[in-house]
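Read the structure below first, then the notes.
The values are calculated or read from the model by the stated rules, or taken from the named source; none is laboratory data. Note that this is a predicted model, so its numbers are computed, not measured. For neighbour counting, all protein chains shown are included, and Cβ atoms are generated from backbone atoms with ideal geometry for every residue, glycine included. The protein model used for the area step is the full one, side chains on, heavy atoms only, and it has no ligands, DNA or RNA in it. Shrake-Rupley method; radii C 1.70, N 1.55, O 1.52, S 1.80 Å.
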Amino acid sequence: MELCRWVFCVLLLIASSLRVGAEQLRRGQRTERISGSAGDVLEDNPVGRLKVFVYELPSKYNKKILQKDPRCLTHMFAAEIFMHRFLLSSPVRTLNPEEADWFYTPVYTTCDLTPNGLPLPFKSPRMMRSAIQLISSNWPYWNRTEGADHFFVVPHDFGACFHYQEEKAIERGILHLLQRATLVQTFGQRNHVCLKEGSITIPPYAPPQKMQSHLIPPDTPRSIFVYFRGLFYDVGNDPEGGYYARGARAAVWENFKDNPLFDISTEHPMTYYEDMQRAVFCLCPLGWAPWSPRLVEGVIFGCIPVIIADDIVLPFADAIPWEEIGVFVAEEDVPNLDTILTSIPPEVILRKQRLLANPSMKQAMLFPQPAQPGDAFHQILNGLARKLPHGRNIYLKPGEKILNWTAGPVGDLKPW
């Protein structure tokens, strides 16, 4: 009886929220601009603030790899491919390396896929080393800073640590030759060896056209309180349980599988995107890594992301007010998830929804083709522009060397 009363109260709260929301929509208060400096940063235009030189590498480092497996264009790590394409035609590109602020090396390190479409990172360190050896031999720019004015896109699970298991990634650490470069990566976790200071954390790739094709009318009632589709256990890689997602996903399932407010399952229906647009809250728990495409999907579909990943560093955190648009739940507090979410006042929910409805917020999470002002490409450039001008201390003295070319596992030193 107590459960029924509680469910009734929450459903009443949702209904009340929707009525208020509908009234505000009728008055034209459909969106809300981000206040303060974050809104200004989100709308920055990087053109004219930096120049990027794109190294022309042999196609074996990029185009030939993609030709071998076109699936790389649609997986969540595809940002490295689309960033390359974007820069080739971007107005920030310069063909004169002497006037460049930044140097970009187009290496597709995640485009070695298993039959299931998951990237195998084991060749990536050798591939990256080979590319760096090439640019350091053929151009003078790497050697003058040992990469301090270079950036690399490394969208692996744990970035330039190049391993999909956290324990092994930590053991490996960031590839030594990238220690001075700026890393553009999806992985972000505070106080972690795989996130170096100065890195730019970006959203994973989610196909814009596919999501666009699944949009439903914006005034569709949000009749689902909490929504999640995905694994709760990874029996294949974590047969004993507890290691995958640090037990957070398992806790969601064990505590809320029978709760009527929680629409959660391992099934991935054809209506997945439509269902997110009918939900108030979308769970975004960590998996093997703290990030996932659900963050992007939640923002695009206006479903308040419930972020369950301790110490996560979120994409473009200086421009996107994650604290205002999302809900953060500590991994240890997952058993109290129902109480936490039902305690959020309707006016707070409505404000988060208005912020999520802001087109500039959605645009910043996407890598569209062709590129559009304010999109994720431009947010990356904004992040690079804010690091300028480079300090004089990045330039090495004649004969000075900092990086150790023979550091790292022996397997990484083999030719690629």
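Some notes on this structure:
- Residue 184 open to solvent by less than 10 Å² (accessible area, probe 1.4 Å) and outside the structural domain of residue 276 (by the TED database): yes
- When the range 266-303 is filtered for residues that are touching a strand residue (DSSP E or B) at 6+ places or on another chain (Cβ under 7 Å) and open to solvent by 30 Å² or more (accessible area, probe 1.4 Å), the ones remaining, listed by number, are 267, 268, 278, 294.
- If you filter the range 46-67 down to residues that are part of a helix (DSSP H, G or I) and either free of Cβ contacts under 8 Å to residues at least 60 places away in the same chain or over 15 Å from residue 85 (Cβ atoms) (or both), you find that the one that is nearest to the chain's Cα centre (by Cα) is 66.
- Just one of the listed residues (247, 242, 236) is outside any loop (DSSP other than H, G, I, E, B) and open to solvent by less than 80 Å² (accessible area, probe 1.4 Å), namely 247.
- Pick from the range 202-228, criterion aliphatic (A, V, I, L, M) and outside any loop (DSSP other than H, G, I, E, B), ranking: nearest to the chain's Cα centre (by Cα): 211
- The single condition among (1) assigned to a helix (DSSP H, G or I); (2) free of Cβ contacts under 8 Å to residues at least 12 places away in the same chain that residue 197 does not meet is (1).
- Selection from the range 189-228 of residues that are under 24 Å from residue 409 (Cβ atoms) and surrounded by 20 or more Cβ atoms within 10 Å (Cβ to Cβ): 189, 194, 195, 199
- Subset tally (residues that are within 18 Å of residue 288 (Cβ to Cβ) and in contact (Cβ under 8 Å) with a residue 60 or more places away in the chain) for the range 153-172: 9
- Enumeration of residues in the range 270-315 that are of a type in the set (A, V, I, L, M, F, W, C) and part of a loop (DSSP other than H, G, I, E, B): 270, 286, 288, 289, 291, 301, 303, 309, 313, 314
- Taking the range 332-358 as the range and being under 20 Å from residue 262 (Cβ atoms), buried (at least 17 other Cβ atoms within 10 Å of the Cβ) and not aliphatic (A, V, I, L, M) as the test, the residues that pass are 338, 352, 353.
- Number of positions in the range 167-181 that are open to solvent by 70 Å² or more (accessible area, probe 1.4 Å) and within 16 Å of residue 403 (Cα to Cα): 1
- Checked against (1) open to solvent by 80 Å² or more (accessible area, probe 1.4 Å); (2) more than 24 Å from the chain's Cα centre (by Cα); (3) in contact (Cβ under 8 Å) with a residue 40 or more places away in the chain, residue 231 passes all but condition (2).
- Residue 141 more than 26 Å from residue 246 (Cβ to Cβ) and either among the polar types (S, T, N, Q) or in contact with a Leu (Cβ under 7 Å, 6 or more places away or on another chain) (or both): no
- Residues in the range 339-390 that are under 24 Å from residue 75 (Cβ atoms) and among the charged types (D, E, K, R): 362, 375.
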